[in-house]
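What follows is one structure encoded as structure tokens, with my remarks underneath.
The values are calculated or read from the model by the stated rules, or taken from the named source; none is laboratory data. The model shown is predicted, which means the values in this text are computed figures rather than measured ones. Here the Cβ positions follow ideal geometry from the backbone for every residue, glycine too, while neighbour counts run over all protein chains shown.
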């Protein structure tokens, strides 16, 4: 006959206490930086919902409605592009349009995601082509006959598209962050 294991009356409460203590210690000593958020008044005029501050930086454009919090979609900072590269060409063109370096950072993030700045990038499933992933690619012919191979032509077309549809590269980046495409 097999004997059945009998648990002592103190084992379950002891285990629960040990787990609770471990959880509290890990929570208190965690090396992960925490982000704090607080509701702050907005100076941007009437705002529907609430404005938030993250790490004591007010973001009046970040609001919370009844369905959740929308985050500010900022692009990561980028360094100075290599001279002669497609990114250097784009920086000159962005600044020539009167946009600032923040807009350039949004453009870099957007086109890193879309094509990795590859003039020959082709999406086999959609047919999108080039640095800005124009769909269809031959739309870029309005900027030049060399649209298939010339980064200047592709960037010119792409900035015109962004300007007309989203206003700025950061507008396009924000849309891409929300929707997964621009």
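Overview of values
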item: Lone unmet requirement of (1) within 23 Å of the chain's Cα centre (by Cα); (2) in a helix (DSSP H, G or I) for residue 153; result: (1)
item: Any hit, segment 69-90, residues being touching a strand residue (DSSP E or B) at 6+ places or on another chain (Cβ under 7 Å), crowded, with 20+ Cβ neighbours inside 10 Å and in contact (Cβ under 8 Å) with a residue 24 or more places away in the chain; result: no
item: Subset of segment 102-128 [surrounded by 13 or more Cβ atoms within 10 Å (Cβ to Cβ) and over 13 Å from the mean Cα position of the chain (by Cα)]; result: 102, 103, 104, 115, 117, 118, 119, 121, 122, 123, 127, 128
item: Filter result for residue 171 (at pLDDT 95 or above, crowded, with 16+ Cβ neighbours inside 10 Å and touching a strand residue (DSSP E or B) at 6+ places or on another chain (Cβ under 9 Å)); result: no
item: Meets criteria (at pLDDT below 95 and not in a helix (DSSP H, G or I)) for residue 145; result: no
item: Qualifying residue in segment 124-134 (condition: in a helix (DSSP H, G or I) and touching a helix residue (DSSP H, G or I) at 6+ places or on another chain (Cβ under 9 Å)); result: no
item: Scan of segment 156-171 for residues that are within 12 Å of residue 134 (Cα to Cα) and within 22 Å of the chain's Cα centre (by Cα), ordered by number; result: 158, 159, 160, 161, 162
